[in-house]
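Derivation of every value follows stated rules applied to the coordinates shown; laboratory data play no part. These numbers come from a predicted model, not from an experiment. Positions of Cβ are generated from backbone atoms using ideal geometry, with glycine treated the same way; all protein chains shown enter the neighbour counts.
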Amino acid sequence: PAVITTDIPSKEKKSFMAPPAIPRPIFTGKDRTEPLNGELHSFSVFTFDQEALYIKISSIKKGFQKAMVKTMNAALKIPHFGYCDEVDLMELVQLRLELKGLAESRGIKAQLHAFLHKGAGSHFIIQNMYTKLMASHNIGLAMDTPQGLLVPNVKSVQSLSVFDVAVELNRLQALGSAGQLGAADLTGGTFTLSNIGSIGGTYAKAVILPPEVAIGALGKIQVLPRFTSRDDVEKAYIMNVSWSADHRVIDGATMCRFSNLWRSYLENPAAMVLDLK
Ligand code: CAO
């Protein structure tokens with residue numbers, strides 16, 4: 001390579017080697033346009049897995065994406081109120097470890113979600129957009145499936161045991177991975193939890209699925225130091241929760257009270273065993 005010399009007169013005239021020329025990569029990727037809800041949309045997406053993205057885009061033709069477009073357009077009309085808190089899952093993580101073997105001996109994986117769902121499905125006064133009180137607490141779980149985002153729900157969580165919820169979640173997850181979730185499981189949800197933290201991230205701004213009026217996004221569980229009531233520092237398993245609520249029907253204080261109650265069950269799982277049906 002050529003030696004380049006600067007023109008600036010100086011006692012120590014500087015010289016440096018020009019970097020070797022690097023051949024420019026030839027990019028052969030092509031933009032693709034796919035029909036979405038009858039319209040044409042261009043996708044510009046960063047992904048590490050083009051094949052998975054292609055399967056998801058293909059599902060547009062199967063209607064799941066069309067349904068999401070419709071739901072999200074309806075969600076845009078909702079005045080979203082956001083509220084965040086942190087939950088210490090130290091005791092719950094330990095309890096789950098203790099119950100894991102027992103559940104496995106019955107052929108079931110005791111997911112953390114079984115507890116999160118049970119805590120959410122027991123006391124929340126759930127309303128839909130027409131402020132109809134829903135007797136049955138059908139708690140949805142956002143699932144990242146090969147067909148895209150799907151939200152099946154566990155029906156009547158208020159009358160199920162934590163184990164029953166786990167059985168249902170196992171069933172829904174198996175169907176979701178196999179691309180076999182049907183209308184019965186995907187409709188009738190009254191409230192949703194979205195565990196984006198299972199992939200990563202601490203906070204998320206979740207979008208309500210109308211006609212539901214609230215949704216919770218769960219962050220990644222992190223091991224962090226926290227002060228106890230005795231001023232000692234202890235290891236804590238912190239999970240952030242970000243609630244979104246429809247402010248036309250749920251005000252901040254109501255959301256906060258619900259969140260406090262849900263958190264109290266998760267932080268003291270013994271209370272869950274004592275109180276919840
Ligand atoms: N933080 C840290 N670890 C977590 C976690 C979290 N928030 N959630 C689950 N885990 C851990 C579990 O403890 C479990 O650990 P072990 O294997 O040691 O027991 C492991 O991850 C597997 O958990 P799991 O069996 O409960 O299920 P999963 O992680 O596969 O999560 C589901 C299930 C459906 C939540 C997930 O597959 C998924 O789809 N997440 C994405 C949801 C999403 O896309 N939300 C955004 C919607 S808006 O576009």
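Observations on the model:
- Among 224-233, 194-203, 242-251, the order from most to least packed when residues are scored by Cβ within 10 Å on average: 242-251, 194-203, 224-233
- Extension reserve of the F163-K277 stretch, reckoned as 0.36 nm per residue once the Cα distance is removed: 39.9 nm
- Cα-Cα over 30 Å, subset of K30/K205; K118/K220; K30/K66; K66/K205: K30/K205
- Contact order for segment 79-275, expressed relative to its length and based on alpha carbon pairs under 8 Å spaced 6+ residues apart, stands at 29 percent.
- Peptides 213-219, 21-27 ranked from most to least packed by the mean count of surrounding Cβ atoms within 10 Å: 213-219, 21-27.
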